[in-house]
Each structure stands twice: as structure tokens, then as C-alpha cells.
1. On a 0 to 90 degree scale, rounded to 10, what angle separates helix 10-23 from the longest Cα axis of the chain?
2. Counting only heavy atoms of protein chains, what accessible area per residue, in Å², does the chain have with a probe of 1.4 Å?
3. Give the carbon-plus-sulfur fraction of the accessible surface of segment 144-202 in %, rounded to a whole number; probe 1.4 Å, heavy atoms of protein chains only.
4. Can you order the peptides 19-26, 313-320 by their average number of other Cβ atoms within 10 Å per residue, highest first?
5. Computing the accessible area with a 1.4 Å probe over protein heavy atoms, can you report the carbon and sulfur percentage for segment 209-295?
6. Short version: ³J(HN,Hα) in whole Hz for each residue of segment 168-174, in order, from phi by Karplus 6.51 cos²θ - 1.76 cosθ + 1.60 (θ = phi - 60°), x for Gly and Pro, what are they?
7. How large, in Å, is segment 30-77 by the Kirkwood hydrodynamic radius built from its alpha-carbon pairs?
8. Can you give the extra length, in nm with one decimal, that the chain gains between S346 and E78 once fully stretched, where that is 0.36 nm per residue apart less the Cα-Cα distance?
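The values are calculated or read from the model by the stated rules, or taken from the named source; none is laboratory data. Everything numeric here is computed off the predicted structure, so don't read it as measured data. Glycine gets a Cβ as well: all are built from the backbone with ideal geometry, and neighbour counts include every protein chain shown. Remember, those area values only see protein heavy atoms, side chains included, never the ligands or the DNA or RNA. Shrake-Rupley method; radii C 1.70, N 1.55, O 1.52, S 1.80 Å.
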Amino acid sequence: MSKDSVDRSVAGRKLEHIRAIQSDPQVERRASGFDQISLTHRALPELDFDQIDTTCTFLGKPLSFPLLISSMTGGSGEECLQLNRNLAIAAQETGVAMAVGSQRVMFTNHDAAASFDLRALAPDVPLLANIGAVQLNKGFSLEHCRAAVDVLKADALYLHLNPLQEAVQPEGDRDFSDLTSKIAQITHHLDVPAILKEVGSGLSQADIDLGLTAGVSHFDVAGRGGTSWSRIEYHRRSDDDDDLGLVFQDWGLTTVESLIGARETLSHHQRKTTLIASGGIRNGVDMAKSVILGADLCGVAAPFLEAAQDSSNSVVRKIRKFQKEFITAMFLLGTANVQSLQGNTSLIR
């Protein structure tokens, strides 16, 4: 991607991000920590493969297996519109959850709202709206959050945390001061749950503690090792000698490190919490490992991007592949249902 062609508009960034993912294979870092975890194979699983139960619930709605199509994009162009529609159709057909990308763009470009108007395509599955938490320091209010939820008729709102991306992004918003108190205002007055989410550098135990203080009960660790937003933003910086995005391309906690820390912190609290694993989950085995480490749900984005640019059927096939891999892992571990898998660290060898 030519740095001379960078589009500084909010809508333009969406397409620039997609182009960077397509053109630079090293945006995918492949270091989430899952390859360091070995599981105990069962030669006598004492199970019928066809009777394994992968169903679970999220935000009060049933899922066919614990998968969330994680945040990718949204905007005013036909490409973003069709991409989100293909994802929503596939989520409905396969019975999995879906989150949209940042909805900030719809407040500067009203045409972009159409790419988030997805409930008619996915009437039965959980849908997650999405606003950058830092925007609460840039004039966004409870009303903006409600508008983001309303256009999607969402079941919850992602408040995403991306300090590294904002630090590297040429036009980044870098004032993250006093955000916990502002998140608390949203959490206590929004009609749907708020979910605190990183975007690829992991949530630390201190972050989880602050979230709990703000009334948050749902967390998405989004650890490092998958898509590097720092490297993506490197492509958008105008100075060819500016390698800030490369220096920090592997900054943060891995998904595995974040999961272990988050579960330890959440185990000390009485109220019911939800933990989402994302960041470099690339197959059903990674999903199984995440659930074993305590995740209630697994968020996956990059593996579905190319399929979503093709058709909803392509996305369905990709989701079915993840599901088959997840079932196979459960079968080979001797676990008949998700409940017997979740948090069962005795399965780690």
C-alpha cells in the first residue's frame, strides 16, 4: 500500500485497514500462545461422536457452539455493506454470535448506518454493537452508545480499548484519562450489557479489576498473536522512516496469558461474569484450548474476512469447518459437552 494514498477520513480508514490485511501477510503474527499448550488425547473417549453437544448460551440466546464472529468493519461503501451482510446471514444460518466493527463512522457519515442495520438478516442470534471507549473522552455520550445499539438492535455493546492502535494511528485519539468513570456511567445506564474489549494487546488483571469496578461483567481479552493493528497502522503513517508500528507490532499479553490472568481475577468475584477469548484463534483446537482455560465464548475475525468478501455461503463453510474441528477436539478429549470442557485444566498435559 502506498503511504501517499492514505485516506484520513474515518470511512476511508476502514478500507485502508482491509487493504493492509490483504497485502501484508505479516499482519498475522501467529503467536497467541496456543501452540505451547498440549492436550491429553483419549484413545478410549467412551463417546459417540455424533452425540457430542456443542451448544451453549450467550446473552440469553442459544448458540450452536461457542463462536462469535468478531468485529471487522462497517462503513458507507458497498464493500463494507456487503461484507457485514454476508457475515450476518452466515451467523443466523449457523447459529453463532456476531459483533460489528467500530460504529464511530456512522456519526460522521450517516450513509454508514446501513452497514450496521443487520437484525432483519440475523433475527435470532446475539448481535454486538461497538464503540471505542476513548470516544467517551471525545464528545461521545450515553446517547451515542444507545444509537449504536439501536441501529443494530443489539444485545450488548462492545466498548473497545485500543491504546496501542491509537498511539500508532496518524490521526489517533490518545486521551485515555479517567475512562473508567465514564465507562461506569455507560454500564449503569445502558439498557444492554457493556462488554470491555481489547483489540489485540490483551486485557491485564488490572484492567479486569477496573472494569469490574465500573460495573462491567463481560470481558473480551483479545490478546496479541493474531492480527496486529499496530502493524496495520504502520502502513498508514506518512513518513517512510517512521517504524513505530513495527516496533510495537508484538506488544502486549498473548491471548493465553490474558485468559489465565482474567480467569484468576474473575474467580474472586461473586457476580456472574462472561469471558470471551479472541486474538489469534485460528481453528477449532484453539477454541477448545480457550474454553479449557475458562473462556465462555471464542471470538474469531480474520479467518472470515476473505470468505465474507465472497459470499455468505463461503462464510458458512468456514464456520462449519471451525465447528467440525471443535467437535473433533472434544471427542478426542472425551468431553461430551461444553460444560465438561470449560475450565477443565486437567485436560492440559
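1. Tilt of helix 10-23: around 50 degrees.
2. Per-residue value: 41 Å².
3. Here carbon and sulfur together make up 51 percent of the probe-accessible area.
4. So the peptides 19-26, 313-320, ranked by packing, come out 313-320, 19-26.
5. Solvent-exposed carbon and sulfur of segment 209-295 make up 50 percent of the total.
6. 8, 4, x, 10, x, 9, 10
7. For segment 30-77, the Kirkwood estimate is 15.2 Å.
8. Contour length minus the Cα-Cα distance gives 91.7 nm.
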